[in-house]
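To start, the structure under review is shown below, and the notes come after it.
Since every read-out is calculated from the coordinates, none of them should be taken as a lab result. Because the structure is a prediction, the values reported are computed rather than measured. Positions of Cβ are backbone-derived with ideal geometry, glycine not excepted, and every protein chain shown enters the neighbour counts.
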Amino acid sequence: MTSRAGDVVAGLALAARAVGASEAILYLKGSFDRAAAALGAALAAAPPEGVRVTVHRGDDSYVAGEETALLESLEGRRAWPRPKPPLPFAVGFQGRPTLVQNVETLARVPHALADPRAFRASEATLVSLWGHVRRPGVYEVPLGTPLRRVIEEHGRGAPDGVRMIFPAGPSAPPLSADQADTLLDPDALRAAGSALGTAAVLVIGESTCPISVAASLAAFFEREACGQCPPCMVGTQNVARVVRRLAAGRARSEDLASLAEAAGFMSQHGYCAHGRTAAASLMGLLGRFRVDVEAHVGGGRRGGRHADPFGPDSPERSAIEAVVA
Ligand code: SF4
């Protein structure tokens, strides 16, 4: 039986064979020490035939997960998304056709080929469960499991109750507590107004102020915008400024109109989906927690604990990063 890292290496070798590649690179966040050690051990134990595999410790930024930003980083430049077309399958690493795929998918390839029927019958995804749960961690969860069960059974519940759930971390709008029975499934989550994404499921506790979470989300997108495209760069700055004012109880009703305008602006063309994603996540949150938004306007503030789950020093974030790194 292979380890999980062994599954990644085996899947990588199969993918390389399928596309006729003689070179493969496993790109990891620079801070992922345990993953790098596990992959190194798996490669030493069972070096794949016919393909030279290296492990690259790269950039820790959010945008480096975008496939062309990752290629830029691999080539020794800043992890900035490239204009498209061309896409990496035509012009990728060092100008050569390149397949970019995530390691979770690669790890499933050997199992899908070994027993396709059993694989389809038990299709699962890795969930990074974090935030206000008793037991944050990475769990393999069958698709179709209700989010409530993921929180209760894997996370050992939310001590404070649930205020909102981000099924895809910052990359899609959150669901409210009354949507906790939504299934962990791309179609079900899309129908509920969110997305599965990378299944980085963030749980926010009942006593947390949703507008403080909106401010954290806006600051995250502002901080992580690489700065190449004015609509994204200026839009994320403007939106973050207004949401900060809102969280502090200093926004006026006309600021809400300017928020919508700024979100529309940042959804315009960019080299990657960062601006569009920021606008969708943030406006989705503010739309879902409209009562709280209105309570914050004009100096009024509803009570609630402030949280900064997307901040660089957030305890919620460091708890899950300690698990995966
Ligand atoms: S959309 Fe934003 S993050 Fe993406 S390339 Fe442009 S400025 Fe950078």
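Only Lys, Arg, Asp and Glu count, each charged at its Cβ (+1, +1, -1, -1), so figure out the dipole size of the chain about its Cα centre, rounded to 20 debye.
320 debye
Would you compute, from DSSP H runs of 4+ residues alone, the mean residue ellipticity of the chain at 222 nm, taking -39500 (n - 2.57) per run and dividing by the full residue count, rounded to the nearest 500?
So the helix-based figure for the chain works out to -13500 deg cm²/dmol.
Taking the Cα centre of segment 35-89 as origin and charging only Cβ (+1 Lys, Arg; -1 Asp, Glu), how large is the dipole, in debye to the nearest 20?
Value, rounded to 20: 120 debye.
Tell me, what HN-Hα J-couplings in whole Hz come from the Karplus equation 6.51 cos²θ - 1.76 cosθ + 1.60 at θ = phi - 60° for each residue of segment 43-51, using x for Gly and Pro?
Values per residue, Gly and Pro as x: 5, 5, 6, 9, x, x, 7, x, 9 Hz.
Roughly how many debye, to the nearest 20, is the charge dipole of segment 1-59 about its Cα centre, given +1 on each Lys and Arg Cβ, -1 on each Asp and Glu Cβ, and no other charges?
80 debye
Could I have the simple spin-label model distance between ARG120 and GLU23, label points 7 Å from Cα toward Cβ, reported in nm to one decimal?
Roughly 3.8 nm, to one decimal.
Does segment 119-198 come out rounded, prolate or oblate, given a ≥ b ≥ c as the square roots of the eigenvalues of its C-alpha gyration tensor, rounded meaning a/c under 1.5 and, failing that, prolate meaning a/b above b/c?
Since a/c reaches 1.5 but b/c is at least a/b, the shape of segment 119-198 is classed as oblate.
Along its three principal axes, how long is the chain when you only count alpha carbons? Whole Å, largest extent first please.
Extents along the principal axes, in whole Å: 66, 43, 32.
Give me the net charge of PRO81's neighbourhood, meaning all other residues with Cβ under 14 Å from the Cβ of PRO81; Lys, Arg count +1, Asp, Glu -1.
Once positives and negatives cancel, what remains is -1.
Does segment 182-325 classify as rounded, prolate or oblate by the C-alpha gyration tensor (a ≥ b ≥ c root eigenvalues; a/c under 1.5 gives rounded; else a/b over b/c gives prolate, otherwise oblate)?
Verdict is rounded for segment 182-325.
Would you be so kind as to identify which of CYS272, ALA215, GLN228 lies farthest towards the positive end of the dipole of segment 210-283, taking Lys and Arg as +1 and Asp and Glu as -1 on Cβ and the Cα centre as origin?
The listed residue farthest towards the positive side: ALA215.
Where the centre of each part is set by its Cα atoms, how far does segment 13-33 sit from segment 233-298, in angstrom?
A separation of 38 Å, based on Cα centres.
Mind sorting THR182, THR236, THR105 by how few other Cβ atoms lie within 10 Å of their own Cβ, fewest first?
THR105, THR182, THR236
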